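Presented below is the structure to which this report refers.
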Amino acid sequence: MLLLNPGPVTLSERVRRSLLQPDLCHRESEFFDLQDEARERLLAVYALDPAAWTAVLMTASGSAAVESMVAALVPKKGRLLVIENGVYGERIAQICMQYQIPHERLVGDWMQAPNLEAIGARLESKAPQRFTHLALVHHETTTGRLNDLKPLGELCRAHGVKLLVDGVSSFGAEALDFSDLSLAAVAATANKCLHGVPGAAFVIVRRSALAEAASRTYYLDLGRLANLQDQRGTPFTPAVHAYYALVEALREFAEGGGRQARYLRYAALAEQVRAGLAECGIEAAVPAAQSSVVLRAYRLPAGVSYTTLHDALKADGFVIYAGQGNLSKTLFRISTMGELTPADISRLLKSFARLLA
Ligand SMILES: Cc1ncc(COP(=O)(O)O)c(C=O)c1O
């Protein structure tokens with residue numbers, strides 16, 4: 001079965017085999033070597049300076065990394081502007097509500113890019129309504145839209161606001177400009193563009209931002225996790241096997257040419273899918289130039305329900321993904337993450353053609 005859902009991904013044999021390494025106690029030096037290697041390699045994905053940035057690991061899924069980032073990095077006296085154009089932006093606001101973090105939501109149309117004018121106007125707010133932080137999703141997996149961080153970074157810098165990014169479905173493939181001084185942190189996970197398994201998530205955070213971190217949560221306390229990991233420690237029992245897989249996936253990633261190579265590989269597969277589906281009369285929901293290379297949303301063909309499409313493709317060995325919420329009636333999604341080849345996509349397109357003939 002090939003997974004075309006946005007994670008967990010189809011694993012390479014090499015990563016799958018890494019799960020069979022020796023049993024390991026998480027209080028032994030071998031585990032801390034593994035943890036150190038994972039943290040170093042995560043920074044290397046974007047060639048980050050370890051003096052300025054740190055990678056903080058946690059045993060959890062991507063949502064927990066986002067939760068840990070938001071709960072720690074908006075200080076007690078801070079205020080967060082949440083930009084929403086999909087399910088995952090909405091989730092950031094739900095996290096704020098859960099922790100009673102002062103925030104305001106800027107809810108946009110899920111099929112559109114964030115409204116920069118509206119964001120600029122909100123960032124003009126004066127004390128006590130002044131925002132200290134802005135959070136958004138880089139690749140909004142709901143629709144496949146890649147939110148452009150460049151103009152947002154410019155706005156943030158102009159207003160002295162720090163940027164918190166949910167990079168769960170973009171880290172490792174899409175470009176991220178860590179030299180943007182407004183960028184404080186990016187949250188992500190092992191089992192998407194990095195091709196590891198679920199169970200290990202992380203936040204890449206500026207050390208200067210960590211120095212002012214709040215402590216609102218116990219298990220996901222970013223500052224405490226960072227301190228302990230810097231001392232080759234861990235507060236809890238980590239998912240050791242997920243860490244084995246993450247390190248192997250990161251070695252494979254580096255040997256395969258790193259972030260840019262992964263971007264190009266996904267871009268070619270995504271274009272192959274787009275062109276092939278267009279030949280079957282299936283339209284992309286978001287223009288290619290505004291979409292990620294990681295996942296794209298397509299309009300369901302007239303008269304074909306998602307369930308019919310899903311079940312027929314699954315019988316041929318492919319798992320696709322539904323649209324979220326109301327979008328499930330009109331959209332389906334195809335991700336090109338994981339151990340997929342152009343030949344796999346050709347077979348997928350043949351299945352589509354047969355189904356729609
Ligand atoms: C952008 C984004 N943020 C957060 C999440 C949540 O990740 P998880 O399901 O691993 O908690 C996802 C999952 O697809 C995502 O795509």
Checking the structure you have, find out if any residue of the stretch 80-95 is surrounded by fewer than 16 Cβ atoms within 10 Å (Cβ to Cβ), touching a helix residue (DSSP H, G or I) at 6+ places or on another chain (Cβ under 9 Å) and over 27 Å from Ala270 (Cα atoms). no
I'd like the full set of residues that are within 12 Å of the ligand (Cβ to nearest atom), buried (at least 22 other Cβ atoms within 10 Å of the Cβ) and in a strand (DSSP E or B), limited to the stretch 188-229. Ala188, Thr189, Ala200, Ala201, Phe202
Output the number of residues of the stretch 157-170 satisfying the condition of being more than 10 Å from the ligand (Cβ to nearest atom), open to solvent by less than 10 Å² (accessible area, probe 1.4 Å) and not β-branched (Val, Ile, Thr). 2
Could we say that Leu73 is buried (at least 21 other Cβ atoms within 10 Å of the Cβ), modelled with pLDDT of 95 or more, away from the ligand (no atom under 16 Å from the Cβ) and closer than 30 Å to Leu116 by Cβ here? yes
Regarding Ala64, is this residue small (Gly, Ala, Ser) and in contact with a Lys or Arg (Cβ under 6 Å, 6 or more places away or on another chain)? no
Apart from one, (1) modelled with pLDDT of 95 or more; (2) on the phi < 0 side of the Ramachandran plot all hold for His195; the odd one out is (2)
List, please: which pairs have Cβ atoms under 9 Å, are six or more places apart or on different chains, and start with a residue in the stretch 296-318 that is within 19 Å of Gly144 (Cα to Cα) and end with one that is exposed (fewer than 12 other Cβ atoms within 10 Å of the Cβ) and small (Gly, Ala, Ser)? Pro301/Gly281
Only unsatisfied item for Gln272, checking (1) over 19 Å from the mean Cα position of the chain (by Cα); (2) in a loop (DSSP other than H, G, I, E, B), is (2)
Of all residues in the stretch 77-99 being in a loop (DSSP other than H, G, I, E, B) and either β-branched (Val, Ile, Thr) or more than 17 Å from Cys156 (Cβ to Cβ) (or both), the one that is nearest to the ligand (Cβ to nearest atom): Gly86
Those residues of the stretch 100-156 which are open to solvent by less than 60 Å² (accessible area, probe 1.4 Å), under 23 Å from Ala213 (Cβ atoms), assigned to a loop (DSSP other than H, G, I, E, B) and free of Cβ contacts under 8 Å to residues at least 60 places away in the same chain, in sequence order: Pro102, Phe131, Thr132, His138
Filter the stretch 246-301 down to the residues that are under 18 Å from Val9 (Cα atoms) and β-branched (Val, Ile, Thr) and list them by number. Val247, Val273, Val293, Val294
From Leu11, Leu19, which residue is closer than 22 Å to Gly258 by Cβ and either open to solvent by 20 Å² or more (accessible area, probe 1.4 Å) or basic (Lys, Arg) (or both)? Leu11
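The values are calculated or read from the model by the stated rules, or taken from the named source; none is laboratory data. From a predicted model like this one, the values you see are computed outputs, not experimental measurements. Virtual Cβ from ideal backbone geometry, glycine too; neighbours counted across all protein chains shown. Surface accessibility is based on the protein's heavy atoms, side chains included, excluding ligands, DNA and RNA. Shrake-Rupley method; radii C 1.70, N 1.55, O 1.52, S 1.80 Å.
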